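Before any comments, here is the structure.
Read the figures in this text as sums done on the coordinates, not as results from a lab. Model, not experiment: these values are computed from the prediction. Heads up, the Cβs are rebuilt from the backbone with ideal geometry, glycines too, and the neighbour counts pull from every protein chain shown.
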Amino acid sequence: MNDTSTIQALVDRNDIIDVAIRYAWALDTRDWDLFGRCVTDEVLFSSPLSADGWIKFKRSDMVKICNGMFPQFTATQHISANHKVAISGDEATCVCGMHATHYVADKEGGSTQRQVGHYEYHLARTAEGWKIDRMTQVITWEEGNQAVFYDAYEKSGFAQVVEEVIARSQ
């Protein structure tokens, strides 16, 4: 590896990690424009709801789901850490630790729900830079009041959007 390719590899690695961090930051700040800039026009999301294990979302579907769900929380904090990056040409993977806390003030049964695990992102180099085009969220353990998360999920219309996306793809 020469100096130029070494420098480019370091720049790419930094840019890929930045996408993972911006993705988490966008969720917590409800910045849907920033969120949209982290993903390609279509994103494959790992899901047991689909026959092949993947659901293809349009960027607008993802924004619609998040914009419906995240305002249900008083606050959230998504920490993306310990990034492991592998780059192959114009494709890359980034596996990183996930620590997601969801908070609803004065929620009966407790105000906090926490998910811990990791994200597995696949990214593509685009004209606008690196973007997520496939992702898996692996939850290793959860704690707290699960109703904090699942009530927000129910109120968001998430399930309806997923059904529409699956119907569109058949």
So which residues in the stretch 19-45 are without any contact (Cβ under 8 Å) to a residue 24 or more places away in the chain and over 18 Å from ALA75 (Cβ atoms), if there are any at all? ARG22, ASP33, ASP41
Within the stretch 100-118, can you find the residues that are farther than 12 Å from GLN137 by Cβ and touching a strand residue (DSSP E or B) at 6+ places or on another chain (Cβ under 7 Å)? THR101, HIS102, TYR103, GLY110, SER111, THR112, GLN113, ARG114
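Considering each of ALA9, ALA26 in turn, give the residue that is small (Gly, Ala, Ser) and over 30 Å from LYS107 (Cα atoms).
Numbers: ALA26 fails: over 30 Å from LYS107 (Cα atoms).
None of the other options fit; the residue is ALA9.
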Is it fair to say THR40 is farther than 17 Å from LEU123 by Cβ and out of contact with any Phe, Trp or Tyr (no Cβ under 8 Å at 6 or more places or on another chain)? no
As an exercise: evaluate GLY110 against (1) surrounded by fewer than 16 Cβ atoms within 10 Å (Cβ to Cβ); (2) within 14 Å of the chain's Cα centre (by Cα) and give the number of the one condition it does not meet. (2)
